[in-house]
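What follows is one structure encoded as structure tokens, with my remarks underneath.
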Amino acid sequence: MPAGLKTSEHIQAMREGGKILARILQELKEYTKPGLNELEINDWVANKITKYGATASYLEDEVVFPGVICISVNQELVHSPPVDYVLEEGDLVSYDLTIKYKGMHTDSAFTMVVGREPRGAEKQLLSVTERSLYAGIEVVKPGARVGDIGATVEEVLSAGKLGIVRDYVGHGIGASMHMAPNIPNYGVRGTGAMLQAGDTICIEPMASLGKEKTFVDSDGWTVSMKDGSLCAHFEHTVLVTDDGYEILTIW
Ligand code: MF3
Ligand code: CO
Ligand code: CO
């Protein structure tokens with residue numbers, strides 16, 4: 001289904017699904033404590049998804065992922081399956097969750113420090129990466145181009161002296177989890193696909209305290225920073241409205 005073919009019912013389903021996703025992530029942030037096993041967290045999230053009437057996108061459609069949520073710790077950036085690991089105080093954990101509700105997907109991610117407030121360089125990493133997401137969202141409106149979003153995100157991340165991950169990008173979303181266009185976290189203003197009202201996209205800056213290069217672990221899924229640096233990932237599903245945007249996964 002091309003983005004333009006979404007009906008108002010499809011968009012309404014994404015609005016409702018986005019609220020469910022936001023609620024789960026907010027509850028997950030509260031729930032996250034030192035001593036929790038990632039496998040326990042996965043089961044907890046799976047129960048929430050079911051309880052709120054949605055399904056886990058990672059278990060169906062284009063991927064068959066070993067878990068309902070990605071749990072990436074410290075130098076792990078994205079796509080890490082839940083494993084038999086117990087969270088420790090001070091771990092930097094990134095959660096990335098996609099759910100399906102009434103046939104439509106929504107996708108959102110955030111990074112937090114386990115068991116204490118962020119401090120020092122890690123605080124800078126989290127705040128700048130999150131700020132780059134909201135800066136990118138701010139430019140969304142009909143007629144804006146994908147390069148406008150990328151250039152804006154890139155400027156915030158480079159002003160914050162972070163490594164800007166280029167190996168993975170944001171994307172369109174709707175009846176499938178990943179759809180056209182790609183939404184890179186870098187770019188040139190005035191270039192790339194033009195947004196139109198009704199489009200639904202995922203903007204998802206990924207950044208590190210070190211260099212930008214990543215590699216895929218031997219598990220075939222986990223993407224980690226090559227230089228072992230700490231990294232962060234923030235993502236929202238955003239609807240292009242007639243005069244701007246609506247963040248469908250806002251807490
Ligand atoms: N939610 C991820 C994204 O932002 C996709 C994860 S796919 C998985 O695009 F297979 F790794 F789970
Ligand atoms: Co995601
Ligand atoms: Co995404």
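The values are calculated or read from the model by the stated rules, or taken from the named source; none is laboratory data. Here the structure is a predicted model, which is why all the values come from computation and not from measurement. Every residue, glycine among them, receives a Cβ derived from its backbone with ideal geometry; neighbour counts consider all protein chains shown. Ligands, DNA and RNA are stripped out before the accessible areas are found, and what is left, the full protein with its side chains, is counted by its heavy atoms. Shrake-Rupley method; radii C 1.70, N 1.55, O 1.52, S 1.80 Å.
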Note, ³J(HN,Hα) from phi for the stretch 38-49, Karplus 6.51, -1.76, 1.60, rounded to Hz, x at Gly and Pro:
4, 5, 5, 4, 4, 5, 4, 5, 4, 5, 4, 4
For the chain, which whole-number percentage of the solvent-accessible area (1.4 Å probe, protein heavy atoms only) is attributable to carbon and sulfur atoms?
52 percent
Could you list log10 I(q)/I(0) for the stretch 8-247 at q = 0.17 Å⁻¹, which the Debye formula gives when each Cα is one point scatterer?
-1.30
So, for the stretch 8-247, what is the accessible surface per residue at a probe of 1.4 Å, expressed in square angstrom?
41 Å²
Could you please report the charge total around residue 215, scoring K, R as +1 and D, E as -1 over all other residues with beta-carbon less than 14 angstrom from its beta-carbon?
-2
Would you mind calculating the gained length between residue 250 and residue 167 on full extension (0.36 nm times residue separation, minus the Cα-Cα distance), in nm to one decimal?
27.3 nm
Lys pairs in the chain with Cα under 21 Å (8 or more apart in sequence, or on separate chains) total 26
Only residues of the stretch 233-251 count here: report those whose backbone N is under 19 Å from the spot 7 Å along Cα→Cβ of residue 194, or say none.
240-245
So in the stretch 8-247, what percent of DSSP beta bridges are antiparallel if you round to the nearest 5?
100 percent
The answer for the net charge of residues other than residue 225 whose Cβ lies under 9 angstrom from its Cβ, with Lys and Arg +1 and Asp and Glu -1, is 0
